[in-house]
Amino acid sequence: MSIASAEAVTASDTPIAIELNSVGVRFVTDRGIVTALQDINLRITEGSFTSLIGPSGCGKSTLLRVAADIIKPTTGSVKILGRSAEEARKNREIGFVFQDPSLLPWRTVLENVLLPMELGGDMTPSNAGDPYVLIKLVGLAGWENAMPHELSGGMRQRVSIARALISAPRMLLMDEPFGALDEITRDRLNEELLRIWETTGTTVLFVTHSLYEAAFLGQQVLLLAAHPGRIRDMSPVNLASPRDLSMRELPEFMETITKLRGILETC
Amino acid sequence: MVDADSATKPFERSTEAGKLSDDQVWQEFLTRQRRLRWRRRILPAITLVTLLVLWEIAVPVFDIKAYVAPAPSAIAKVLYSKFGLLMSNLLPTAIEAIGGFLLGTGAAILIATLFVYRLTAEEALFPIVVMINAVPIVAKAPILVLLLGNGMAPKIIIASLICFFPTLVNMTRGLRSVSAQQMELMHVLSATPREIYFKVRLKNALPFLFTALKIAAAASVVGAIVGEWIGASRGIGALIIQATYAFDSPLLYATIAVGSTFSVAFFSLIAWAERRFLKWNVANSH
């Protein structure tokens with residue numbers, strides 16, 4: 001069993017956003033005990049954009065949920081932005097975008113975006129971003145008072161991104177957010193996500209099952225292998241910034257894809 | 001089906017004509033929609049009037065005795081002449097039905113909340129609730145009259161028991177129907193249990209709750225009337241018994257009409273509230 005660790009390819013004095021030390025996650029299911037993640041050692045620097053890809057059952061979503069303090073690891077330790085994952089979560093430093101937008105259907109776009117500011121009891125955040133600016137940032141200006149059922153799938157996902165950004169999180173975790181969208185919408189949202197990342201400077205960890213999406217978005221691509229879920233590779237993507245969709249035709253982009261596909265096939 | 005077909009016609013015609021402006025086509029579409037809505041109201045009214053007329057004619061033609069089945073005109077006469085008597089008997093029934101409705105659905109909402117947060121409570125109580133619900137209401141009624149006397153209390157309890165079960169089952173399901181991702185989102189946002197209940201679970205359960213409340217509204221009136229059958233001097237149920245024993249069929253039918261009208265009105269009130277408060281729930285709106 002190989003023990004791989006991954007480090008971001010940036011200068012070593014940049015602060016670390018996500019630090020996992022020999023993290024393991026095991027679940028008890030009807031079919032017995034499943035090892036979702038095994039011996040994960042990972043360091044992701046602040047401000048980077050990392051894509052996370054791997055075959056189904058490799059624990060991509062589990063890894064994301066460990067970082068978001070949704071799942072407590074069975075073994076190992078987690079540090080988010082220099083503190084425990086729970087503290088980071090309670091301080092609203094983590095924004096999470098799910099595959100399903102999970103909007104509250106009885107709330108307007110604006111009310112959905114503002115939801116995080118109403119929650120947390122005594123810990124309700126005070127430093128709210130301007131919801132109108134955020135709604136404009138995700139391209140929904142003029143839709144503030146629309147109800148979720150009046151929006152398309154892509155628009156709903158934009159709302160959920162604005163909601164994740166309202167508390168100005170230093171880290172954005174995204175779990176296949178565009179997986180259910182059509183290709184044209186997905187391309188457009190990919191470009192807009194890069195723009196948002198450049199505007200906000202937040203650290204992004206982005207789970208996807210599309211090689212193209214992973215390589216187009218990420219400064220680096222983290223590859224997991226399945227059964228049990230473990231780190232297989234961390235590859236930099238050598239594309240200039242800012243990126244646009246036409247870069248997907250560049251030979252260096254195609255080389256990255258070929259290389260990643262080669263590694264994925266051995267996972 | 002007919003409605004769906006005719007609703008698409010303006011578009012077909014506009015392509016034929018080709019000369020109409022978008023605004024004209026839209027206006028024509030709205031006019032047709034309005035006509036369809038009226039048709040949906042008028043057609044059942046026509047059916048009802050036709051049936052009443054046939055009934056009115058059948059009584060003299062087949063020489064049906066008034067105490068067997070009175071003609072609609074005879075019932076209408078009683079509705080007019082004994083309006084005061086009918087209303088003074090509707091009042092206690094209405095109080096019992098509404099009281100039972102509020103008590104039964106209120107208790108069901110609280111216990112459903114308990115079930116969702118304390119699985120032990122559901123495991124311990126739910127089978128008992130099912131057993132009590134399995135006892136027919138006409139069997140439960142005499143027991144409650146023995147326990148609580150001859151006043152309004154047993155009728156309110158009977159009405160509330162009828163309302164309780166459907167509300168409990170639906171509300172428990174509604175409170176539980178929150179998606180796993182919504183709960184994960186609430187966790188990431190560090191929501192307190194109280195916030196999750198009031199901002200997510202309760203709102204999410206409203207479509208389920210209203211389905212139950214509509215059933216409960218109609219059933220509460222039945223409960224109150226059945227309760228009055230067992231022992232009451234006033235109320236729609238008592239008047240039904242008195243009119244039956246006196247072979248006063250016109251009064252019996254008039255009493256039933258008043259009781260049914262109240263039941264329909266109560267149901268419609270809840271249905272109106274549902275439309276008013278659940279605009280976001282497109283799956284349920286027509």
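Couple of notes before you dig in:
- Protection proxy ranking, peptides A:64-74, A:27-37, average beta carbon neighbours within 10 Å, highest first: A:64-74, A:27-37
- Each part gets one Cα centre, and for segment B:78-138 versus segment B:194-242 those centres are 5 Å apart.
- Averaging Cα coordinates gives a centre for segment B:39-63 and one for segment A:22-96; these two points are 71 Å apart.
- Local electrostatic count, A:Val25, Cβ distance below 14 Å [Lys/Arg +1, Asp/Glu -1]: +3
- Kirkwood-type radius of segment A:136-202, with distances r between different C-alpha atoms, in Å: 12.5
- Neighbouring Cβ atoms from other chains, within 10 Å of the Cβ of residues in B:180-187, number 6 on average.
- Only helices enter this figure: runs of n ≥ 4 DSSP H residues, each worth -39500 (n - 2.57), summed and divided by the residues of chain B, yield -27500 deg cm²/dmol at 222 nm to the nearest 500.
- One compactness figure for segment A:29-100 is 1.17, namely its Cα radius of gyration divided by 2.2 N^0.38 Å.
- B:Ile158, B:Ile230 arranged by Cβ crowding within 10 Å, fewest neighbours leading: B:Ile230, B:Ile158
- Within 10 Å of the Cβ of each residue in A:198-206, the mean number of Cβ atoms contributed by other protein chains is 0.
- Other residues within the sphere of radius under 11 Å centred on the Cβ of B:Ala238, judged by their own Cβ, net out at +1 (K and R +1, D and E -1).
- The Cα center of segment A:100-124 and the Cα center of segment B:160-192 differ in position by 18 Å.
- Under 12 Å, Cβ to Cβ, from B:Leu175 - net charge with Lys/Arg +1 and Asp/Glu -1: +3
- FRET efficiency for A:Val28 and A:Glu118, using Cβ-Cβ distance with R0 set to 41 Å, rounded to 0.05: 0.70
- Neighbour-count order for B:Thr50, A:Thr75, B:Thr172, fewest beta carbons within 10 angstrom listed first: B:Thr50, A:Thr75, B:Thr172
- The alpha-carbon of A:Lys259 sits under 28 angstrom from the alpha-carbons of these lysines, leaving out residues fewer than 8 places away in its chain: A:Lys60.
- Counting all C-alpha pairs of chain B, share separated by more than 29 Å (%): 55
- Note on B:Trp26, A:Trp143: ascending count of other Cβ atoms within 10 Å places them as B:Trp26, A:Trp143, the fewest first.
- Rounded to the nearest whole Hz, the Karplus-based 3J(HN,Hα) values (6.51 cos²θ - 1.76 cosθ + 1.60, θ = phi - 60°) of segment B:244-259 follow the sequence 5, 5, 8, 6, 8, 4, x, 5, 4, 5, 5, 4, 4, 4, 5, x, with x at glycine and proline.
- Low-density loop cleavage sites - trypsin sites (Lys or Arg not before Pro) in segment B:66-170, where at most 15 other Cβ are within 10 Å (DSSP): B:Arg118
- Peptide-level mean, for A:113-121, of C-beta atoms on other protein chains within 10 Å: 4
- Which listed pairs, of B:Lys214/B:Lys279; A:Lys136/B:Lys279; B:Lys203/B:Lys279, have C-alpha distances above 20 Å, in listed order: A:Lys136/B:Lys279
None of the figures in this text is laboratory data; all of them are computed from the coordinates on show. This one's a predicted model, so the numbers in the text were calculated from it and none came from an experiment. So basically every Cβ, Gly included, is an ideal-geometry build from the backbone, and we count neighbours across all protein chains shown.
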